Amino acid sequence: MMKASDPVQAHSGLWNDDLAPTRPDQRTWRWYHFAALWVGMVMCIPAYTLAAGLIESGMSWKEAVGTVFLGNFIVLIPMLLIGHAGVKYGIPYAVLARASFGTRGARLPALLRALVACGWYGIQTWFGGMMIYTLAGVLIGHPLEGEKIAGLGINFGQLACFLLFWALQFYFVVHGIEAIRKLETYTAPIKILICFVLLAWAYNRAGGFGPILHQPSQFAEGGQKAGQFGSVFWPSLTAMVGFWATLALNIPDFTRFAKSQRDQVIGQAIGLPIPMGLLAGLAVIVTSATVVIYGKAIWDPVDLASRMTGAAVLIALIVLLIDTVSVNLAANLVGPAYDFSALNPRAISYRTGGYITAGIAIAMMPWKLLESTQGYIFTWLIGYSALLGPIAGILIADYYLVRRTELKVNDLYSDSGDYRYSGGWNLRAIAAFAVGVLPNLPGFLNAALPSAFPHVPEVFKTIYTYAWFVGIAASALVYLAAMKLRAPAMAGGTQPSKA
């Protein structure tokens, strides 16, 4: 492990205190911290509403919950694989990527992951602002309304509440990852308790769990969409994987603080797929009860809270705000803060990276990403999974198959070490990334801009429904083949790190 006296720190622009390998005294995370981290992130409004889009597309509640669970079980695998490097070497994702992409080339995957997280940070902040907006209207007795601001598409009250919630999160931006760990650990039990309370409320008010639980799948024989299950299931599964695709990449940002591999494996295995499946089930049951209570299905928990009365509204507001703050900071701030720091370690600290993340989140106008379920699931979630899947494939292939989990840590922070490649860029990784992304590009353009790209061949639309799977497999295979050809061609040059 490098010390303050190591000369590499003095001459390299690749190092700062935040990106340096964690010290033994910083390794404080046990398995229950990771489980609490995931419970804290899973219990969020976007995750709650995931099953809604699946049921609206024709799935039964069992098919919807099963799809959510399966997607999260699949994404757990790369999380555990990539998380191994964080525990073993104490390095964040942006530094790990230098082994495969090069000390300078790693800025590309760092920037791509950071921009996606900025979008998510903005989406969660928008949800938080809308909670304040909706429930404040309930508390004062009338909705907060007004003319929409030209160019923004939202009114002044919505903008003010969005910015207020954005500002509330700054305490944790300033105080760093340890403050976030404490928040997740303390709020996770509260979130679990609230879920049971909500379940009991729905059952008692509705006198049961409502009609949605009895609705058959539209894909069953005789249904409106009989025989079309696969056309909905596969893009939906890709979207479920895409939901946590960002965390699958930057999970070393957290596992670098683990006391052992066992802690990160057990904590994540307990904390991710099971709570996601249970939350989807809870959402379905509660929403089914709202059909009886209110005469229609209410998938939005903020809308549901707004229909409550008295002190319950204020309690709901506080719970939802804590919930959204905890998931937003852990899932969408830590990663990009490190990633932006890695772009220029001398000038950008972890804290400054957090400020940049928060600023970009505003500029991206997240409310425009959420204008429709179609845009949310099939454009946003699948679209960025097409970008991040290839990066995950390259990281896993490099760490496990090329380097056999052995890295030269000092060289990750050196301009002249094994990971310099060609001027700091591993062009083989760039080529593998391109191969993983390009097959999904036509389908993405058709989904995002159908009027501009209406005649994309069906084969590319089909490939796009498997975007994450295609990307991770193609990039891993191409990268592995290219790196196997590299070693004999470099006699007398820099060899792939094996020690």
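The values are calculated or read from the model by the stated rules, or taken from the named source; none is laboratory data. Keep in mind it's a predicted model, so treat the numbers as computed, not measured. Don't worry about glycine lacking a Cβ; one is built from the backbone with ideal geometry, like all the others, and counts go over all protein chains shown. Heavy atoms of the whole protein, side chains included, go into the accessibility calculation; ligands, DNA and RNA do not. Shrake-Rupley method; radii C 1.70, N 1.55, O 1.52, S 1.80 Å.
Within segment 148-180, the set of residues being at pLDDT 85 or above, open to solvent by 50 Å² or more (accessible area, probe 1.4 Å) and either in contact with a helix residue (DSSP H, G or I) (Cβ under 8 Å, 6 or more places away or on another chain) or not in a loop (DSSP other than H, G, I, E, B) (or both) comprises K148, I149, F156, L163, L164, W166, A167, L168. Is it the case that segment 387-402 has a residue that's over 22 Å from M240 (Cβ atoms), surrounded by fewer than 18 Cβ atoms within 10 Å (Cβ to Cβ) and modelled with pLDDT of 95 or more? Scanning segment 387-402, I find at least one residue that is over 22 Å from M240 (Cβ atoms), surrounded by fewer than 18 Cβ atoms within 10 Å (Cβ to Cβ) and modelled with pLDDT of 95 or more, so the answer is yes. Looking across segment 301-327, the residues that are among the aliphatic types (A, V, I, L, M), in contact (Cβ under 8 Å) with a residue 12 or more places away in the chain and open to solvent by 60 Å² or more (accessible area, probe 1.4 Å) come down to L314, I322.
Suppose we keep only residues that are charged (D, E, K, R) and surrounded by 20 or more Cβ atoms within 10 Å (Cβ to Cβ) within segment 98-116. Which one would you say is modelled with the lowest pLDDT?
Taking segment 98-116 and keeping what is charged (D, E, K, R), we get 98, 104, 107, 113.
Still in the running and surrounded by 20 or more Cβ atoms within 10 Å (Cβ to Cβ): 98, 107, 113.
Details: R98: 97, R107: 95, R113: 88.
Among those residues, the one meeting the criterion is R113.
Taking segment 444-465 as the region of interest, how many residues are modelled with pLDDT of 90 or more and open to solvent by less than 30 Å² (accessible area, probe 1.4 Å)? The number of residues fulfilling the criteria is 1.
Would it be correct to say that S5 is out of contact with any Cys (no Cβ under 9 Å at 6 or more places or on another chain), among the polar types (S, T, N, Q), surrounded by fewer than 17 Cβ atoms within 10 Å (Cβ to Cβ) and at pLDDT below 75? Please lay out each step first, then the result.
Working: out of contact with any Cys (no Cβ under 9 Å at 6 or more places or on another chain): yes; among the polar types (S, T, N, Q): yes; surrounded by fewer than 17 Cβ atoms within 10 Å (Cβ to Cβ): yes; at pLDDT below 75: yes.
Here the answer is yes, as S5 does meet what is asked.
Among the residues in segment 199-216, are any without any contact (Cβ under 8 Å) to a residue 60 or more places away in the chain, under 26 Å from I356 (Cα atoms) and open to solvent by less than 70 Å² (accessible area, probe 1.4 Å)? No, segment 199-216 contains no residue that is without any contact (Cβ under 8 Å) to a residue 60 or more places away in the chain, under 26 Å from I356 (Cα atoms) and open to solvent by less than 70 Å² (accessible area, probe 1.4 Å). Of the residues in segment 12-31, not one is under 24 Å from L370 (Cα atoms), touching an Asp or Glu at 6+ places or on another chain (Cβ under 6 Å) and not aromatic (F, W, Y). Where the second residue is hydroxyl-bearing (S, T, Y) and buried (at least 22 other Cβ atoms within 10 Å of the Cβ) and the first is over 20 Å from V265 (Cβ atoms) and lies in segment 56-82, which pairs have Cβ atoms under 8 Å and are six or more apart or on separate chains? Matching pairs, first to second residue: S57/S236; M59/T67; M59/S236; W61/S288; T67/S236. Looking at segment 182-191, can you tell me whether even one residue there is touching a helix residue (DSSP H, G or I) at 6+ places or on another chain (Cβ under 8 Å) and more than 20 Å from I45 (Cα to Cα)? No, every residue in segment 182-191 fails to be touching a helix residue (DSSP H, G or I) at 6+ places or on another chain (Cβ under 8 Å) and more than 20 Å from I45 (Cα to Cα). Determine which single condition L144 fails, assuming it passes every other condition in (1) assigned to a helix (DSSP H, G or I); (2) touching a residue at least 12 places away in the same chain (Cβ under 8 Å). The failed condition is (1). Among the residues of segment 66-95, the ones that are open to solvent by 10 Å² or more (accessible area, probe 1.4 Å) and under 19 Å from the mean Cα position of the chain (by Cα) come to 9 in all. Does Y133 satisfy the condition of being in a helix (DSSP H, G or I), under 21 Å from V319 (Cβ atoms) and open to solvent by 50 Å² or more (accessible area, probe 1.4 Å)? Taking the combined requirement at face value, the residue does not satisfy it. Would segment 405-421 turn up any residue that is within 12 Å of F101 (Cα to Cα), open to solvent by 50 Å² or more (accessible area, probe 1.4 Å) and not β-branched (V, I, T)? Yes - at least one qualifying residue is present in segment 405-421. The test for being part of a loop (DSSP other than H, G, I, E, B), modelled with pLDDT under 85, farther than 25 Å from L272 by Cβ and not hydroxyl-bearing (S, T, Y) does not hold for F219. If you go through segment 22-47 and keep only what is open to solvent by 10 Å² or more (accessible area, probe 1.4 Å), farther than 30 Å from V302 by Cβ and not in a helix (DSSP H, G or I), you end up with R23, R27, T28, R30. Quick check: is even one residue across segment 183-193 without any contact (Cβ under 8 Å) to a residue 40 or more places away in the chain, of a type in the set (A, V, I, L, M), open to solvent by less than 70 Å² (accessible area, probe 1.4 Å) and at negative phi? Within segment 183-193, not a single residue is without any contact (Cβ under 8 Å) to a residue 40 or more places away in the chain, of a type in the set (A, V, I, L, M), open to solvent by less than 70 Å² (accessible area, probe 1.4 Å) and at negative phi. Could you list all residues from segment 247-285 that are of a type outside the set (A, V, I, L, M, F, W, C), crowded, with 23+ Cβ neighbours inside 10 Å and assigned to a helix (DSSP H, G or I)? Matches in segment 247-285: N250, P252, D253, T255, Q264, G267, Q268, G271, P275.
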